[in-house]
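What follows draws every value from the coordinates through simple rules; no lab data is involved. Predicted model, so just to flag it, every value in this text is computed and none were measured. Here the Cβ is made from the backbone with ideal geometry for all residues, glycine too, and neighbour counts use every protein chain on show.
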Amino acid sequence: MTANRSFFAFYSRQPCHFSYLCGMKVTQDILFAQDAATALTEWLTQQQYDRLFVLTDETTGRLCLPMLHLDEAQPITIAAGDVNKSLESLSGVWQALSDGKATRKSMLINLGGGMVTDLGGFAAATFKRGIRFVNVPTTLLAQVDASVGGKTGINFNGLKNEVGTFQTAALVIISTSFLQTLDGPNLCSGYAEMLKHGLISDVDHWSQLMQFDLDHPDLPTLQQLVRRSIEVKEDIVRQDPHEAGIRKALNFGHTLGHALESLAMETGHPVLHGYAVAWGMIGELYESCVRKGFPQDKMRQTVSFIREHYGEMPLDCKQYDRILELMKHDKKNVGGQILCTLLSDIGQLHINEPLSKEDIFGMLDFLREG
Ligand code: GLY
């Protein structure tokens, strides 16, 4: 198949001294394509591999796999949903690779949301000590976060992403064609991570994000914003691939957000990840204002945007102690101290900021009452 070059362009082919650290590749090539099938087929013709596998969940297997025309690939399907990001599913993928006679020269395509790219990346990173893999993320959340940056893994022992590796994909293909059918809540969920990237990068990007009409999304504009968003993440990952320091900025909004996500799950009203992160950012922006002098007008503007598009987190002050408990289990804590990232302005980062019980209760009051 011949590729029409006008349909796509390479975004990230970094010089070796940036994309390699201690011999390990820390960023991956990212291909922005309107037509993921053409982009992938052309890329595959330039690669050497003996067998090709494609991992999907039941949903992306039905809806997205036919779009890729990957007739030569052996399909592997896992059940959909984060609950299946498990050792059992991982073992199923290893088994399928083994049954399909995968060798170290085989290639795995991960087609799906963050659950598929995380689990598939981990399966590929560990099978025969590592085979190459390509991520084709089909949700906005996976495009701007999970599929880039090299984090792979599964949930274990009731803990999210408890077991995994850092392993970069050989290629990530970002195609807005998958976003055409994405529902509003899933679009908002991914957009929360983009808002985070705006807040931790620069005012221009943040204000573009504030102006975007999330209710009537214009796909070409969204594609430009996604491109910039990924660039923000890549820039940070390149500096700190293993999250020893500055990469912790990517957790802005997540220290509180993860606890809110767990609370919502416990109380039988689960919320999409990005909603919890958006509400977490309200609390962490408030704390940034109080402690670091983050400008109030930018805080108010961001909080209004979040309240308008994500609604309110249903929260009762009787739940504060439980939220505190959940935050104490964050794997980024050190010596029992709850830590988060705060901002003194857009792009002005302060990592490893300790949060006391009083700080957290203040953040929750603000989240609840505004
Ligand atoms: N999702 C945050 C990171 O990749 O570091």
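Before moving on, here are some points about what is shown:
- Close amide H pairs (under 5 Å, H built 1.01 Å from N) link residue 74 with 52, 53, 54, residues at least 5 positions away or on another chain.
- Residue order for 320, 275, fewest other beta carbons within 10 angstrom first, comes to 320, 275.
- Between the helical axis of 114-126 and the longest alpha-carbon principal axis of the chain there is an angle of about 60 degrees.
- Computed per residue of the chain from DSSP H runs no shorter than four, each worth -39500 (n - 2.57), the mean residue ellipticity at 222 nm is -14000 deg cm²/dmol.
- DSSP-defined antiparallel bridges as percent of all bridges, the stretch 91-192, nearest 5: 40 percent
- Positive-pole candidate from 276, 257, 346, dipole of the stretch 238-370, charges at beta carbon: 346
- The stretch 238-367: relative contact order as a whole-number percent, Cα under 8 Å and 6+ apart: 30 percent
- Judged by the gyration tensor of its Cα atoms, with axes a ≥ b ≥ c, the stretch 148-291 is rounded; a/c sits under the 1.5 cut.
- Simple Cβ-charge dipole of the chain, Lys/Arg +1 and Asp/Glu -1, about Cα centre, in debye nearest 20: 1220 debye
- Ordering 156, 52, 63 by Cα displacement along the dipole of the chain toward the positive end leaves 52 in first place; charges were set at the Cβ atoms of Lys, Arg (+1) and Asp, Glu (-1).
- Using θ = phi - 60° and Karplus 6.51 cos²θ - 1.76 cosθ + 1.60, couplings along the stretch 71-84 (whole Hz; Gly, Pro as x): 5, 7, 7, 7, x, 10, 10, 10, 5, 7, x, 4, 4, 8
- Shape of the stretch 221-370, Cα gyration tensor, a/c cut at 1.5: rounded
- Database remark: amide H of residue 80 closer than 5 angstrom to the amide H of 58, 59 (H placed geometrically; neighbours at sequence offset of 5 or more, or on other chains; Pro and chain starts carry no H).
- Of the trypsin sites (Lys or Arg not before Pro) found in the stretch 312-370, the ones in coil according to DSSP and having at most 12 other Cβ atoms within 10 Å of their Cβ are 331.
- Footprinting exposure proxy for 359, 145, 218 (fewest neighbouring C-beta atoms within 10 Å first): 218, 359, 145
- Taken as Cα centroids, the stretch 86-133 and the stretch 187-249 sit 28 Å apart, rounded to the nearest whole angstrom.
- For 212, 178, 361, the sequence from fewest to most other C-beta atoms within 10 Å is 361, 212, 178.
- Restricting attention to the chain, close to 45% of DSSP beta bridges with both partner residues there are antiparallel.
- In terms of its alpha-carbon gyration tensor, the stretch 284-343 comes out oblate; a/c meets the 1.5 threshold, while b/c is at least as large as a/b.
- Couplings for the stretch 271-282, taken from phi via the Karplus curve 6.51 cos²θ - 1.76 cosθ + 1.60 with θ = phi - 60°, read 10, 5, 3, x, 5, 5, 5, 4, 5, x, 5, 4 Hz in order; Gly and Pro are left as x.
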